Amino acid sequence: MISKFPWWIRVPLLFFIIWGLLEYFIDAGDSLAIIKYPVTQFFLLMVLLILIAIEAILKSVENVMFQTLSEEAKARYLQTKNKKVEWTWGKNLFKKLTKSRAIEQEGEIILDHNYDGIRELDNVLPPWWVYMFYATIVFGLIYLVRFHIASDYTQAEEYDMEVAEARIAIEEYKKTAKDLVDVNSVELLTDASDLNAGKKIFTTNCVVCHMADGGGGIGPNLTDEYWILGGGIKNVFNTISEGGRDGKGMVAWKNSLKPSEMAQVASYLLQFQGTTAANPKAPEGEIWVDPNAPEIKEEPEANSGETYETDAADLVEETKE
């Protein structure tokens, strides 16, 4: 069997084709299937071993069949197998694109100019270069008509459009890149997966000081409305990130936790607000009021009896008239 490609090209080529099909048909979201589903790693390993085994079997069969041939047949087989594949169409295409002359034909296009033994050849411009030059002319004409005659849009308008598209792309990226969050952009997380992740972080790192129910111990009580460094998601995130009061407060966790993890644990511990702890610690700090909370407007008081009587008297007078 004559093959145009050696085994060290066939095996990787088939392997990557199968891998590509696997990634195409398995929906793994933004991640690769081979990373999200570890079983696919085992599958691809088995595919690779099978491809290598097939090549080994084919090679063995080829050797066995070769040994059964006569000496003359072996010589013909080896000559045919070692015959180089000539890419005739590629060579013809290269000649058309370059119009190059063979060395033997250069005598036909040599000029009379002679510079210290250096002779000049009258070669034509390569067609690929000529076609590219024509393409730039066509492009220039289209550009002239579109922007200088039809006035499609200006560079300033194009800049504004690209900036607007970039801002939209950045906002979309921020939705998935949670670790870009900081004290200014952090928001209260309500998704169950985020709260569960925050609970794990709280249980691992915070229970020792704040107790499992948030009642407080070494650290302050998280169930009351008193806060030492301010409540709300932004203040709590900042306290977790930068630490508490110098010398006696909580350590800074920004070097141990990712921004997304600090947002998760901050959102989780805010759920303790208004709950009742088993052994709540005495309040510390001051009552914190959210400055961004909507104001509650008081409804105007009902009309007094005197006003009502006056209005009734006026109504009677109007009726008499």
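The figures follow:
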read-out	value
Leu44 modelled with pLDDT of 80 or more, surrounded by 13 or more Cβ atoms within 10 Å (Cβ to Cβ), under 21 Å from Arg10 (Cβ atoms) and in contact with a helix residue (DSSP H, G or I) (Cβ under 7 Å, 6 or more places away or on another chain)	yes
Residue list for region 271-286, filter: within 8 Å of Thr223 (Cα to Cα) and among the hydrophobic types (A, V, I, L, M, F, W, C)	Phe272, Ala277
Some residue of region 16-27 being outside any helix (DSSP H, G or I) and among the acidic types (Asp, Glu)	yes
Out of Ser185, Ser151, sole residue that is hydroxyl-bearing (Ser, Thr, Tyr), closer than 30 Å to Pro259 by Cβ and not assigned by TED's automatic domain parsing to the domain that holds Ile240	Ser185
Only listed residue being outside any helix (DSSP H, G or I) and under 18 Å from Asn82 (Cα atoms), chosen from Phe5, Phe66	Phe5
Positions within region 95-104 being assigned to a helix (DSSP H, G or I) and either of a type in the set (S, T, N, Q) or modelled with pLDDT of 80 or more (or both), in sequence order	Lys95, Lys96, Leu97, Thr98
Test for Ile218: is it farther than 27 Å from Pro291 by Cα and assigned to a helix (DSSP H, G or I)	no
Residue satisfying condition, being modelled with pLDDT of 90 or more and acidic (Asp, Glu), within set Glu55, Glu62	Glu55
Single residue of Gly90, Gly117, Gly107 found to be within 30 Å of Leu14 (Cα to Cα), of a type in the set (Gly, Ala, Ser) and modelled with pLDDT under 85	Gly90
Condition check for Gly214: among the small types (Gly, Ala, Ser) and crowded, with 20+ Cβ neighbours inside 10 Å	yes
Complete set of residues in region 241-268 that are under 14 Å from Leu188 (Cβ atoms) and surrounded by 20 or more Cβ atoms within 10 Å (Cβ to Cβ)	Met262, Ala263, Gln264, Val265, Ala266, Ser267, Tyr268
Which listed residue is out of contact with any Pro (no Cβ under 6 Å at 6 or more places or on another chain) and either touching a residue at least 12 places away in the same chain (Cβ under 8 Å) or more than 30 Å from Trp87 (Cβ to Cβ) (or both), from Phe16, Phe43	Phe43
Scope region 134-158; condition surrounded by 11 or more Cβ atoms within 10 Å (Cβ to Cβ), part of a helix (DSSP H, G or I) and of a type outside the set (D, E, K, R); matching residues	Tyr143, Leu144, Val145, Phe147
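The values are calculated or read from the model by the stated rules, or taken from the named source; none is laboratory data. Note that the coordinates shown come from a computational prediction; the quantities given were computed from them, not determined experimentally. Every residue, glycine as well, gets a Cβ built from its backbone with ideal geometry; the counts of neighbours run over all protein chains shown.
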